[in-house]
Structure formats: C-alpha cells, structure tokens
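Below is one structure, written out as structure tokens, with a few remarks after it.
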Amino acid sequence: MNNILYSLAISSLILPFSSCATQEEYYTKHLKFPEGITFDQKIDMASRLVPTPQQFEWQKMELTAFLHFGINTFTGREWGDGKEDPALFNPTELDAEQWVRTLKDAGFKMVIITAKHHDGFCLWPTKTTKHSVESSPWKDGKGDVVKELRQACDKYGMKFGVYLSPWDRNAECYGDSPAYNKFFIEQLTELLTNYGEVHEVWFDGANGEGPNGKKQVYDWDAFYSTIRTLQPKAVTAIMGDDVRWVGNEKGIGRETEWSATVLTPGVYARAAENNKALGVYGKAEDLGGRDILAKAKELFWYPSEVDVSIRPGWFYHKNQDSKVKSLKHLTDIYFQSVGYNSVLLLNIPPDTRGLINEADVSRLKDFRAYLDEAFADNKVIDGNKLWKAAQGQQKEYVIKDNSEINVVMLQEDISKGQRVEEVDVEVFTDGAWKTVAQGTTIGYKRMFRFPAVKAEKMRVTIKASRNIANICNVAAYYANPLSDDAANQEWNNLPRESWKVVSNSPLVIDLGKKVSLSAFTYAPAKAEAKPDMAFKYSFSVSSDGKNWKTLKKDSEFSNIMNNPIPQTVSIEGADGIKFIRLDAVSVNGTPSVVNINEIGVSVKK
Ligand code: FUL
C-alpha cells in the first residue's frame, strides 16, 4: 500500500527545467509526503525537490541591494509614526542613476526600493493616498522616485524590486481589514502595473502596534494572486513563499542551510499549525535536517535571503557616516551569506541629498575590488566538470602550481535538488593529506575559509548525501586576510564604575557626578533580541533624584526586536544632571528588563 502511494506520488512529477535533464523526475517548489512512506522514500523525494525557474534565477544573482529611502531619511528615525508632514521630503540632488551605477559597479544584480515603509509615505504618486511624494516640495510634487529608479535600472541593465510595507501607520483604514486590504491591493496594483518588470516583491513582517494597537488581518491570498497575475516572474520575499528571511538582520546565515525546508511559509493559512507541530520557526537552526524531516508532512523550496544594512540603521542618518561597516565586516557578511547558500540583500540607504553617500560609495568600491582580486584566479583545474557523487565518494583535483589557498568554493546543481548533507575537504601538502574544511550542506554555493596552505592537490569527500549529489563546481582561491579597521563602536564615555542603580523598574541610575549629556544609548546585551527588552520608553533626567524632567516621552526603540544593535538617542536639556531614568515596556507591553551595562551616555566634553 505504502509503495503504491509512493509510486502514485512519483507518477505525478514533472521533468526538470534544466537543459541537462536526466531520467530523474522532480517536484517543483513543494511536495507533500504520502502517508505511511518509509524514511528512505522520504529522503529520496526530498532530494528531488527543486526551485522554480524564478527562484533559481534569483539565487544566481547572489548580490542584491536594498535602498531604504523615504520620510525617515529626513526625520532621523527608523520607524516613522505616519504623522510626518510630507513637506519634509525634499532631496536636493536626487539621482537614481548614481544609485544604480554605484551598485552595478559593486556587482549587485538587483535593487529593491522601499516604495512604502511603515510610515505609509509613498515614493510614487499614488491614487490611494495624499501621503506621498505628490504632497512634497520635491519637484513641486511632480516627482516619482520609483519611476526614476525604474528608468535608471533599464539604462544600466539592473533588476528591480519593490518593498511595500503591509504595516501602515498613516492609512486611516489600517485595522479595518477589508478596507485596508483593498487599499493595499490598489497600491500593489499600481506598482506592479506602471513600472515595468518587477523581479522581487518584498513584504516585511514587522508590526509594532503592541497589545492595544490596531489589528489588521491581511488577505495574503489576494495579495499573492495580484502578484502572480501582474508579475508572474517576480519572487515574493519574507511574507512571501519564494524567498525566506534568514532570521536576523546582522548579515549572518546558517552554516547548515537547507533551501529544501520543512518550514511552511508564514503566509499560508496552515503555517502556524504545521510549524507548531514540528516546533520550527523562521529563526530555528535546523530547518531541513534528517531529524526534522522524519516528522515533516511536506517540504518547500524556500531558500534564505540575508538582509543587512551597510550602516547600523536601515535609513540614512548623518551621525552614522563614520559607522559604515568595515571592509572586513562586509567581507565576513559576504562569506556568511553568499558563502552559506543564501542571497545577500545589502542595504545602502541614500542620504538627504538623494545620493548614495561618499562614505558608502567608497566602501562599496573597496568591497568590489577585494572580491575581484580574491576570485580572479581559481587554482583548481577542471573543477567545473559535473561530478555525480554517490554517498562516500571522493574526488581529487589538481591545484595549479602548488599554490597557496585559503578559500574553497563548492556548488551543487540545484536544478536537480539540494542533496549534500556532509562534506570534507582535504589538501595534499608537505607529502600528506590535511583536512581544511568539514561541512554539512552545500546547496547553490558553500564557501569555506581556513588558514592559508600550499597545496598540490585537493580531495573532496561527499560523506553523506540524499541520493546522488550533483557537484557542478569545485574551486579554490587565495583571499587576502583582512584585519578589522572597524570604526569606533564606543557609545558610552562615562565610566560605569562610579554609577549606581537606584532602582531596576523603572531603571534609575545615579551617574555619580553632575554631567551634561548630549545623548543616551540602549544597547541590548550581545546584540541579541529578548522578549523582555525595552521597546516603548520615556527617558527622564534629574539633578537630585527627586525632581525629574522628561526629555523623551512615549518614544520607541524602533525595529529593536529585529535589529538589536545600539540605539543612540540625541537629547537636549540634560545639563547639570546626575540621575537618569528609563521607563520602558517590552513589545508585549510588560515592564522591560534593562541592565545597567546596556545603557550608555554621551557626556558633552
Ligand atoms: C524590517 C523593518 O521593520 C525595518 O525597518 C527594515 O525595513 C527591515 C528590512 O525590515 O521588518
């Protein structure tokens, strides 16, 4: 019976889209395991799950760019509250060609623009709301940022994507579910009809409304049928079913990264139930290994995208010009995203002039130059001949000229599925074999870095695989090791030894002496998100611990849950003070727990 069901499942398969099709048959994007099949049959089916053609094209881009630009660029905020005056939007030298040229030169294949962020301000003249560029002084209200970017992309041959925030803090109808869904579909329709081909539609999952906020039930099915009808070739990301959020905004992927995953995309009605039954969630470590596969009822081709900003914030803030990520940091991100079977989505936010700032341009140039040099000379001979590797098989490769190497790149032909579960790489050096890398998954691309070694030969062993692995590339390089020139990370200049905690909730700190402050910082420990971290807060100061002056009232540490990096808040009127107080609640509305070491102050010199 089990075998009959299994054969039935097999007989409904399709042939692969790859030109080098074999006799094998494949499942595209999704498969359901028939009841009662054996574990080996499950593994065999899993090995033949493949991406859709657009998912495959997307993966091959490797480097994609985000442009966070909008009203926040002009207010200094990360999350606008939707009450901003559109008159604030007034870039003085906006030049979308400069954005695209810069990104193209740096090797990016697609740009995604925040057509609308959570504040609801639209970068195109929409018929749905007045809260758009049309009400701004920029080009006398006749400008259209989305169109300018589209045209620049056409000129330079760059793919184009849109970010449209489902959460909208400006739209009056937000929370009236049917009305807002209609409004959102109208916005989507405008963007997907009037701006040529769209390759990625990005819906983030943020919603900071909190317990008493507006409750909007999104009609994902209607959103998706709009996308499929208007832009059938676009991939849908994050709150989408083609591209999965890697689970953090730090730029770090998983060493074991399954594109064939048990995680049901959040936009499917059955997602909560399925994922709960398996105990998996977007940030979970194991999304496709054998243990979890044993329990799964279905499997999705749902590859990961690593989104991270080149700066601490997603939007441009002048005071972060000196905090553009170092070349080493960017390179580490590259190896931990592209090199971990993911696509990198690097955010480079245009500044208030409407230009990619010189600081970012120069870092991107260094980044490109570094990658060009590192990958200019592949030392492996004939590594790009397809190797059909059975579990346990090894293959030796000649390294030209007994060269020094410190990077190995492995690739599977994912048009035939993701199969490798364990791999070892050894090099023949000084007359003996030496292991330089031991890994798990490969997928589209896996890179390993290790201390430089001179090698005559290299040996790859596929220690565990689901079915025959299709290794289509084995390469090795020498990449110059970098040391960190990281910009000054200091966000506290008053030694904590003299501080005293007066109370924990609210957090009141005696700074030990009278000082004048220009800013304070909240830096969650280890830059990790916790349920009881501070989100909404008020900040007060006092000279005697009795009479308080509130300098920030009902403020928020925007996006802290997704991006728990230090949040520095500038303050005025904090002269001659000795005490500070943080009244804060978590995203759930409960009192937050903030440790003294997570607070910093900037004392005026
Ligand atoms: C998140 C947003 O809340 C951030 O502001 C940013 O846009 C990031 C890419 O997605 O969900």
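Values quoted throughout were computed directly from the atomic coordinates according to the rules given, and no laboratory measurement underlies them. For clarity, every value in this text was computed on a predicted model and none was experimentally measured. Note: ideal-geometry Cβ built from the backbone for every residue, glycine included; neighbour counts use all protein chains shown.
Note on D221 and D544: their simple-model spin labels are 6.6 nm apart, each label 7 Å out from Cα toward Cβ. For K155 and E396, the difference between the fully extended length at 0.36 nm per residue and the C-alpha to C-alpha distance is 82.3 nm. 3J(HN,Hα) couplings calculated from phi for the stretch 458-474 with the Karplus curve 6.51 cos²θ - 1.76 cosθ + 1.60 (θ = phi - 60°) are, in sequence order, 9, 10, 10, 10, 8, 6, 8, 8, 8, 6, 6, 7, 9, 8, 9, 7, 10 Hz; Gly and Pro show x. In this simple spin-label model, placing a label point 7 Å from the Cα along the Cα-to-Cβ direction at both A272 and A529 gives a separation of 1.8 nm. Excluding same-chain pairs closer than 8 in sequence, count the lysine pairs in the stretch 496-603 whose Cα atoms lie under 21 Å apart. Lysine pairs satisfying the spacing and distance rule in the stretch 496-603 number 20.
By the scheme Lys and Arg +1, Asp and Glu -1, what is the net charge of all other residues having a beta-carbon under 10 Å from that of I471?
Value of the local net charge: +2.
Based on the Kirkwood radius over alpha-carbon pairs, what is the Stokes-Einstein translational diffusion coefficient of the stretch 274-361 at 25 °C with 0.890 mPa s viscosity, in µm²/s? Calculated translational D: 157 µm²/s. I need the Debye-formula profile for the chain: one equal scatterer per C-alpha, no solvent, reported as log10 I(q)/I(0) at q = 0.07 1/Å, two decimals. Each listed q maps to, in turn, -0.48.
Taking amide H positions as modeled 1.01 Å from N, with prolines and chain starts lacking one, the residues under 5 Å from A115 and 5 or more places away or on another chain are Y163. Evaluate E = 1/(1 + (r/R0)^6) for K182 and R228, where r is the Cβ-Cβ distance and R0 equals 22 Å; express this FRET efficiency to the nearest 0.05. Calculated value: 0.75. Scanning residues 5 or more positions from L551 or on other chains, those with amide H under 5 Å from its amide H are F539, S540, V541, with H placed 1.01 Å from N in the peptide plane.
The D81 and N588 beta-carbon pair, evaluated with R₀ = 25 Å, returns a calculated FRET efficiency of approximately 0.80.
For D377, the shell of other residues with beta-carbons less than 12 Å away shows a net charge of -2, using +1 for Lys and Arg and -1 for Asp and Glu.
Under 15 Å of direct C-alpha separation, and excluding same-chain neighbours fewer than eight residues apart, K365 reaches these aspartates and glutamates: D105, E373.
As a ratio to 2.2 N^0.38 Å, the alpha-carbon radius of gyration computed for the stretch 85-178 takes the value 1.16. Dividing the summed helix terms, -39500 (n - 2.57) for each DSSP H run of n ≥ 4, by the number of residues in the chain produces a 222 nm estimate of -6000 deg cm²/dmol to the nearest 500. Legend: calculated FRET efficiency, K130 to E285, from the Cβ-Cβ distance at R0 = 56 Å, rounded to 0.05, equals 0.75. I want the local charge near K395. Using Cβ-Cβ distances under 11 Å, sum +1 for each Lys or Arg and -1 for each Asp or Glu among the other residues. Neighbourhood net charge equals +2. DSSP finds beta bridges in the chain, and of those with both partners inside it, around 70 percent are antiparallel.
Using 0.36 nm per residue of separation minus the Cα-Cα distance, give me the extension gain between V453 and D510 in nm, one decimal. Don't skip to the end; give the middle numbers.
On the way: separation 57, 0.36 × 57 = 20.52 nm, distance 5.44 nm.
Additional length available on full extension: 15.1 nm.
Shape summary of the stretch 123-209, radius of gyration then Dmax from alpha carbon positions: 13.9, 42 Å. Under 5 Å from the amide H of M158 lies no amide H of any residue 5 or more positions distant or on a separate chain, with H modelled from the backbone and absent for Pro and chain starts. Once the chain from E490 to I37 is taken as fully extended at 0.36 nm per residue, the excess over their C-alpha distance is 157.4 nm. Evaluated at q = 0.22 Å⁻¹, a Debye calculation over the C-alpha positions of the stretch 387-477 (equal weights, vacuum) places log10 I(q)/I(0) at -1.02. Above 18 Å, the calculated P(r) of the stretch 434-593 contains 70 percent of its Cα-Cα pairs.
Highest mean packing comes first when the peptides 554-561, 114-121 are listed by Cβ atoms within 10 Å, giving 114-121, 554-561. By DSSP, the beta bridges lying fully in the stretch 163-307 are antiparallel in about 20 percent of cases. Any chance you could give the angle, 0 to 90 degrees and rounded to 10, that helix 145-156 forms with the longest Cα principal axis of the chain? Tilt relative to the chain: about 40 degrees.
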